[in-house]
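The values are calculated or read from the model by the stated rules, or taken from the named source; none is laboratory data. Everything numeric here is computed off the predicted structure, so don't read it as measured data. Positions of Cβ are backbone-derived with ideal geometry, glycine not excepted, and every protein chain shown enters the neighbour counts. The area values use the complete protein model at the heavy-atom level, side chains included, leaving out ligands, DNA and RNA. Shrake-Rupley method; radii C 1.70, N 1.55, O 1.52, S 1.80 Å.
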Amino acid sequence: MDDELEDRVLYQTYATYMKFLSKIALGVPLNFTYMLRILRLYLTKPEVIICGLLFIVLIVYLHAVEVWGKDFVGRIQKTLGYSAKATKLLASYPDALITEQLHQASACFAIQGRRPGMEDRFIINENINKGTGIAVFAVFDGHAGDLAANYAKDALMKSVLAKIVDAHGILNGKEPENVAEKKSKPEEMDESNKENVAVDKNALSQRRSSFRKSYSSFTEDCIQKGNCKKAPEPDIYNLNALCRPLTKESLLGQNSNSQKAERPPILDAKCYIEGGKINYGKLLTDEVLVADYDLLQLAKKSRNVSGTTALIAVLDGTKLVVANVGDSRGVMCDAKGNAIPLSFDHKPQQVREKKRIEEAGGFVAFNGVWRVAGILATSRAMGDYPLKDKNLVIAEPDILTFNLADHKPMFIILASDGLWDTFSNEEAVSFIKKRLDEPYFGAKSLTMQSYYRGSVDNISVLVVVFKNGTFRVGSSASD
């Protein structure tokens with residue numbers, strides 16, 4: 001009897017399920033009251049409730065394991081000093097395509113990446129002249145060749161460092177070397193009038209002497225009388241003076257009627273001292289413009305169309321001054337872990353830049369990305385003489401000054417756009433913050449992670465770490 005009853009129950013259950021499925025298959029409106037009754041019947045069973053709770057616990061556990069696991073694995077990787085992906089990638093990456101430097105409180109890691117050549121350059125000098133206590137860091141991202149980046153690294157930075165040393169010496173009662181040389185050999189210095197500077201060991205001395213004749217009276221007046229008023233800006237900044245239409249010939253520099261711009265004046269180091277302090281913003285701006293002029297003359301003679309961005313950071317005590325030309329970028333991690341921009345990219349589509357370009361007679365066109373005259377993806381750069389012909393591209397840097405005592409930063413990042421193509425400011429800061437104990441303060445891992453994410457450009461990452469709340473870094477070197 002029991003077996004017969006059981007068979008009848010199974011049959012009715014089976015028949016009920018089949019009717020339910022047939023209604024769904026035929027699209028007949030369902031009886032929701034009947035459905036709720038069935039759900040209540042099954043969901044209120046103890047075994048269903050227990051299984052449901054176990055399933056929820058399992059989901060929560062798996063999520064927690066994933067989070068904890070990542071953190072645990074990350075700690076192991078940090079202890080070993082590398083990540084599995086980066087290690088596997090580096091194992092197959094040619095050493096010849098890697099440039100690296102490690103110092104007491106700063107490091108830079110740069111790779112050629114997926115480009116046919118390496119056009120990035122960088123400078124690390126943690127203590128200029130091993131006695132000033134002033135640190136200088138720079139990143140240059142070249143394009144269309146490495147001439148401009150090499151020139152910026154060699155000639156521009158040598159001049160900047162020398163000018164800072166001279167100004168620092170004046171503040172400490174020391175006579176600058178170039179002033180002493182001028183007083184001892186005035187005739188020899190005045191006879192020098194070379195306007196073209198090559199990228200070699202004599203680049204700095206040639207560039208200084210090239211302008212002595214035409215600006216000797218101005219420089220002498222500045223030295224003797226302290227009259228440091230800058231001469232009127234030359235015609236290179238007159239946008240209305242160059243008004244011929246943009247043509248292929250003008251871009252190639254073949255128009256013989258183009259107006260020759262005057263060389264910006266070279267000021268003595270004394271002129272950059274204001275209120276007992278060095279005006280780094282003015283110093284960097286003047287040095288970049290003079291170096292850009294010299295680079296253009298050199299490039300025109302060799303018909304080299306290369307250019308470069310320039311991101312230069314000067315650290316003097318708690319004062320950080322950043323000069324930026326182009327789309328290399330700096331970012332600072334403050335005491336709270338926030339990402340503070342140290343610079344802003346110069347892009348052609350920006351309202352200010354687009355207006356300047358159009359007023360100069362140029363245009364902005366989309367060619368993969370927004371480009372000046374459909375050619376250059378950055379609106380400011382050193383070099384690029386075809387686009388400088390009409391001031392479509394300029395080299396005037398933006399200057400930002402920071403008081404590190406206010407922000408109390410943990411570290412700063414200076415990098416070429418090869419990094420910023422795959423990382424945001426916040427992502428880069430978060431990434432480095434977890435890897436400050438690594439040999440390169442995380443610069444190596446961040447560079448390789450950017451490459452792993454698909455960056456197609458050269459990638460250079462420079463990290464400066466502020467340890468124990470101090471803002472002075474130690475040793476001295478450059479590459």
Please specify each residue of the range 433-460 satisfying the condition of being under 21 Å from residue 116 (Cβ atoms) and in contact with a strand residue (DSSP E or B) (Cβ under 9 Å, 6 or more places away or on another chain).
447, 448, 450, 451, 457, 458, 459, 460
Tally up the residues in the range 274-286 that are of a type outside the set (Ser, Thr, Tyr), in a helix (DSSP H, G or I) and touching a strand residue (DSSP E or B) at 6+ places or on another chain (Cβ under 9 Å), please.
4
Taking residue 386 and the conditions (1) open to solvent by 10 Å² or more (accessible area, probe 1.4 Å); (2) assigned to a strand (DSSP E or B); (3) farther than 26 Å from residue 165 by Cβ; (4) in contact with a helix residue (DSSP H, G or I) (Cβ under 6 Å, 6 or more places away or on another chain), which numbered condition does it fall short on, given that it satisfies the others?
(2)
Restricting the range 103-130 to residues that are touching a helix residue (DSSP H, G or I) at 6+ places or on another chain (Cβ under 9 Å) and open to solvent by 30 Å² or more (accessible area, probe 1.4 Å), the one farthest from residue 447 (Cα to Cα) turns out to be 129
Any chance you could count how many residues in the range 398-419 are open to solvent by 20 Å² or more (accessible area, probe 1.4 Å) and either free of Cβ contacts under 8 Å to residues at least 40 places away in the same chain or not in a strand (DSSP E or B) (or both)?
6
Note down all Cβ pairs under 8 Å where the first residue falls in the range 449-469 and is free of Cβ contacts under 8 Å to residues at least 60 places away in the same chain, the second is in a loop (DSSP other than H, G, I, E, B), and they're at least six residues apart or on different chains.
450/421; 450/422; 450/423; 453/422; 453/423; 454/422
Test residue 360 against the criterion of being closer than 30 Å to residue 469 by Cα, surrounded by 13 or more Cβ atoms within 10 Å (Cβ to Cβ) and among the small types (Gly, Ala, Ser), and give yes or no.
no
Is there any pair linking a residue in the range 99-128 that is farther than 16 Å from residue 309 by Cβ to one that is assigned to a strand (DSSP E or B) and open to solvent by 10 Å² or more (accessible area, probe 1.4 Å), with Cβ under 6 Å and at least six apart or on different chains, and which?
105/465; 109/100; 111/98; 124/101
Is it the case that residue 438 is surrounded by fewer than 16 Cβ atoms within 10 Å (Cβ to Cβ) and farther than 17 Å from residue 315 by Cβ?
no
Entirely in the range 287-353, the strands (runs of 3 or more DSSP E) that have 1 or more residues that are in contact (Cβ under 8 Å) with a residue 24 or more places away in the chain and among the basic types (Lys, Arg):
319-325, 329-333
One residue is enough: does the range 328-348 have a residue meeting the conditions surrounded by 17 or more Cβ atoms within 10 Å (Cβ to Cβ) and out of contact with any strand residue (DSSP E or B) (no Cβ under 7 Å at 6 or more places or on another chain)?
no
Quick one: which residue in 250, 256 is surrounded by 18 or more Cβ atoms within 10 Å (Cβ to Cβ), of a type in the set (S, T, N, Q) and at pLDDT below 95?
250
